[in-house]
Amino acid sequence: MIQLTTAATLENAITKARTVKPRVHVNRFGSYTVTNKATGATYTVECMKRDNKRFAHCTCKAGERGQGCYHIAAAVSAHIQLATERAQLNF
Ligand SMILES: [Zn+2]
């Protein structure tokens, strides 16, 4: 579990996500399956908000160690987009 503060937290992961371009499948709002299309490796990323702080968790080895991996970077990007769309609908 990592806390998402600034974009700098995930800077390296975001760069890697842009290179790898993993597929992000939305299981539900806050839960994403991220697939590396080249290797077929699949991980689950959960995004959550507690006490106004944002957290993310990934099932890969780096994620289990609390590191910001590119799966989290990719899923958070999709999550922010979904959250923005939901906010626009809930006017
Ligand atoms: Zn990961």
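The values are calculated or read from the model by the stated rules, or taken from the named source; none is laboratory data. Just so it is clear, the structure is predicted and the values come from calculations on it, not from any experiment. Positions of Cβ are generated from backbone atoms using ideal geometry, with glycine treated the same way; all protein chains shown enter the neighbour counts. Heavy atoms of the whole protein, side chains included, go into the accessibility calculation; ligands, DNA and RNA do not. Shrake-Rupley method; radii C 1.70, N 1.55, O 1.52, S 1.80 Å.
Listed values, structure above:
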item	result
In the stretch 31-47, residue nearest to residue 83 (Cα to Cα) [restricted to those that are aliphatic (A, V, I, L, M) and within 10 Å of the chain's Cα centre (by Cα)]	45
Test: residue in the stretch 21-34 that is within 14 Å of the ligand (Cβ to nearest atom) and open to solvent by 70 Å² or more (accessible area, probe 1.4 Å)	yes
Members of the stretch 42-55 that are modelled with pLDDT of 95 or more and aliphatic (A, V, I, L, M)	45
Checking residue 68 against (1) under 14 Å from the mean Cα position of the chain (by Cα); (2) not in a loop (DSSP other than H, G, I, E, B), the condition it does not meet	(2)
Residues satisfying the stated conditions in the stretch 49-61, i.e. closer than 16 Å to residue 29 by Cα and without any contact (Cβ under 8 Å) to a residue 40 or more places away in the chain	49, 50, 58
All positions within the stretch 30-55 that are under 9 Å from residue 71 (Cβ atoms) and touching a His at 6+ places or on another chain (Cβ under 6 Å)	34, 43, 45
Failed item in (1) assigned to a helix (DSSP H, G or I); (2) farther than 15 Å from residue 77 by Cβ, with residue 12 passing the rest	(2)
Residues being part of a strand (DSSP E or B) and out of contact with any Asp or Glu (no Cβ under 9 Å at 6 or more places or on another chain) - total across the stretch 28-49	12
Residue match in the stretch 82-90 (condition: open to solvent by 40 Å² or more (accessible area, probe 1.4 Å), touching a residue at least 24 places away in the same chain (Cβ under 8 Å) and under 19 Å from residue 12 (Cβ atoms))	no
Identity of the residue in the stretch 62-81, more than 22 Å from residue 18 (Cβ to Cβ) and without any contact (Cβ under 8 Å) to a residue 24 or more places away in the chain, that ends up farthest from the ligand (Cβ to nearest atom)	65
Residue that is at pLDDT 95 or above, within 9 Å of the ligand (Cβ to nearest atom), surrounded by fewer than 16 Cβ atoms within 10 Å (Cβ to Cβ) and not aromatic (Phe, Trp, Tyr), where the choices are 59, 39	59
